[in-house]
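Data first, discussion second: the structure below is written as structure tokens.
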């Protein structure tokens with residue numbers, strides 16, 4: 001989420017052939033599956049983190065799920081895993097990347113290791129319970145935590161198990177490389193507001209706070225007045241800057257607080273919609289230093305509103321729709337490539 005695409009581009013209709021002689025995987029459009037966040041790892045040695053995640057391929061009238069890897073620079077598919085099952089069967093699965101291995105835990109309690117370089121299956125082990133977390137644990141080791149709160153150390157060479165203690169952070173439950181706010185994700189928002197009051201910002205109602213690098217990024221809407229989405233930076237007891245999220249006429253944007261955003265020490269990215277129901281959603285980038293708008297671009301074919309993730313990775317910004325992943329140039333907002341397709 002070892003195979004290569006022959007005769008088609010990413011998101012096109014065609015036939016998938018196995019690099020290692022596994023035969024035809026099937027025909028149909030490749031669709032990105034956004035119900036789990038993308039993961040990142042170096043695969044091809046070019047210094048660029050590749051993108052890994054679940055994809056669906058329509059075969060026999062139903063979507064079949066795989067996990068696949070895509071070149072970080074171009075979006076070219078590097079490999080695709082064997083069929084994992086129908087989409088509904090994979091909903092309770094977990095996927096993690098640890099020390100050159102892709103670990104896939106299915107809904108039946110089986111943990112399978114694949115080679116990161118080409119998705120070659122290496123071993124499988126029955127755990128007797130569904131996995132809730134996959135954690136890194138040093139060279140050649142991982143820790144898996146099952147639904148009954150049992151932690152086991154896994155030797156990546158052969159899948160042997162022994163009792164362990166759950167680490168403080170795990171791959172499958174910790175946001176990677178950026179801070180995100182997503183009403184449909186768990187363990188991602190900064191919940192410290194439940195322990196302390198939110199800062200007060202004149203002219204703004206604050207709903208959420210992200211703390212990417214010692215600065216609080218506040219998400220909310222204009223108040224009093226029309227509830228235009230707003231963001232603000234706050235540190236050392238003072239508001240550093242505020243900004244309306246929509247470009248152009250703010251009264252033409254959807255009202256309400258910002259619901260999906262990400263931030264780090266350099267930039268802030270916020271998603272917003274327009275009142276025109278046929279208009280695409282838009283992604284706006286701001287300077288974390290002074291709140292200057294850096295760029296503002298549409299998310300093509302996003303009029304359904306089903307965008308689930310906004311995350312910066314290196315020099316790229318990933319915007320995940322439920323069937324495709326748009327990858328933008330972080331500095332300019334130019335669309336670099338798309339993984340998957342909507343229609």
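None of the figures in this text is laboratory data; all of them are computed from the coordinates on show. Everything numeric in this text was worked out from a predicted model, so none of it was measured.
Post the alpha-carbon centroid distance, segment 147-164 to segment 264-281, in whole angstrom. For segment 147-164 versus segment 264-281, the Cα centre distance is 42 Å.
Shape class for segment 39-176, computed from the alpha carbon gyration tensor (a ≥ b ≥ c): oblate, with a/c not under 1.5 and a/b at or below b/c.
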